[in-house]
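The values are calculated or read from the model by the stated rules, or taken from the named source; none is laboratory data. All values reported here derive from a predicted model rather than from experimental measurement. A quick note on method: Cβ atoms are made from the backbone with ideal geometry, for glycine too, and the neighbour counts reach across all protein chains shown.
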Amino acid sequence: MGLLRYSHLLAFLTGGAALIPAAASAQIPTGYISIEIGPSEDRPDLLRIASAIGDGKNWAINDDYPFEARAAAEVGRAYIRASIDTQGQVSDCIGLEGSTSARFVEAACRLVQRRGRFRHALSSAGEPTPSYVDVDVYFSFSPGDRLAPMPPPPTTPPYRGSTLRLVSKPNWPTRPPSGKSDGEAVLAMSIDAATPGSPERRFCKVYESSGDAALDQATCEAAKMARYEPTDAGPSPYFGRWIDMLVRWDRRKARHRLPIRSAPLNAAIEGGYEALRAEVRPSPQAEPGDVLVTLGIDGQITCRITETLGSDAIDRATCASLRSKIRFTPGEDIFGRKVPNTFSVRY
């Protein structure tokens, strides 16, 4: 599941600078600051990610909007990364891509370092470890103003049931165009037409790369040359049809595999999903929190606390209980390959 986001929005009035003439002060527009917390670093070796404590309502004060920017009616955004040490303190702060000016980055870092409150991360061994939390700070003149949010990380489209049938085996190249002669790629071959009855167009999209762009391209070109037929009727024989395909290269020889099911098969948990929830809160002192549980292909469980259940000790005990008590059969993708499954458990 790659990056985890928790948003706490606050907007409040910022005051004017001291020791300025009343007439000049009256002409300076009122400024507003909005703060959004997240995402946090999500390393695979973390038992618990770093996080903000509370909703951040007391993080900013009147003087946090730079006076020069307010006097010039300047709006902006600071997208910053706050490094969190093992004591939960902000040890460093830098501006990230998406910030509009160094002036706003400096102001945002100053308020986060002075009044931001964070909970430190825990390593896989349950020990405090340095990490970071990203913070969006918006400076504007209306409490509802927002700049465009940072784009989310790219995601892989979900697999769909194939609507094409492979008639002839693709003529895979016997010598890949690069030095790489092994690898595995998952691709989707689609055939479309601008309008029913118009000439067909063939497209190939690589969902999972072999690790070599030339090998991926050669695989797609071979797939485009194969013969297909539709699995169902439609306004045009090939209008909007596709087929998913796994191609594996081994010692300069390619083999393909077609889906054995139309959707991935989730891991089977002994006792069902409720068995996960039953183990999330082993202590009566635990507070409501969030846990990400990954059921691996090797039968191992990875536990990640995304919102603490109250303390380091309770978080450690929760993950230890999950690892020792939960039994499961790994999930499989549409090609029958074992794949990890991740569940978000809220208690």
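Observations on the model:
- Looking across Tyr132, Tyr32, one residue alone is assigned to a strand (DSSP E or B), farther than 15 Å from Thr306 by Cα and not charged (D, E, K, R). It is Tyr32.
- Residue that is nearest to Tyr138 (Cα to Cα), among those in the range 35-50 that are among the hydrophobic types (A, V, I, L, M, F, W, C) and in a strand (DSSP E or B): Ile35
- Residue selected from the range 328-344 under the condition hydrophobic (A, V, I, L, M, F, W, C) and farther than 8 Å from Ala267 by Cβ, by the criterion surrounded by the fewest Cβ atoms within 10 Å (Cβ to Cβ): Phe343
Yes/no matrix, rows are residues, columns are (1) of a type in the set (A, V, I, L, M, F, W, C); (2) in contact with a His (Cβ under 9 Å, 6 or more places away or on another chain); (3) at pLDDT below 85; (4) part of a loop (DSSP other than H, G, I, E, B):
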| residue | (1), (2), (3), (4) |
| --- | --- |
| Asp192 | no, no, yes, no |
| Asp216 | no, no, no, no |
| Pro235 | no, no, yes, yes |
| Tyr238 | no, no, yes, yes |
| Trp249 | yes, no, yes, no |
| His256 | no, no, no, no |
| Arg261 | no, no, no, yes |
| Leu276 | yes, no, yes, no |
| Gln285 | no, no, yes, yes |
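- Each residue in the range 307-347 was checked for being of a type in the set (A, V, I, L, M, F, W, C) and either closer than 19 Å to Leu46 by Cβ or assigned by TED's automatic domain parsing to the domain that holds Ala50 (or both), and 9 of them qualify.
- Contacts under 6 angstrom Cβ, first residue in the range 203-221 being within 14 Å of Arg248 (Cα to Cα), partner of a type in the set (S, T, N, Q) and not in a helix (DSSP H, G or I), 6 or more apart: Tyr207/Thr156; Asp212/Ser178; Leu215/Ser178; Asp216/Ser209; Asp216/Ser210
- The range 253-299: number of residues that are touching a Ser or Thr at 6+ places or on another chain (Cβ under 9 Å) and loosely packed, with under 13 Cβ neighbours inside 10 Å: 5
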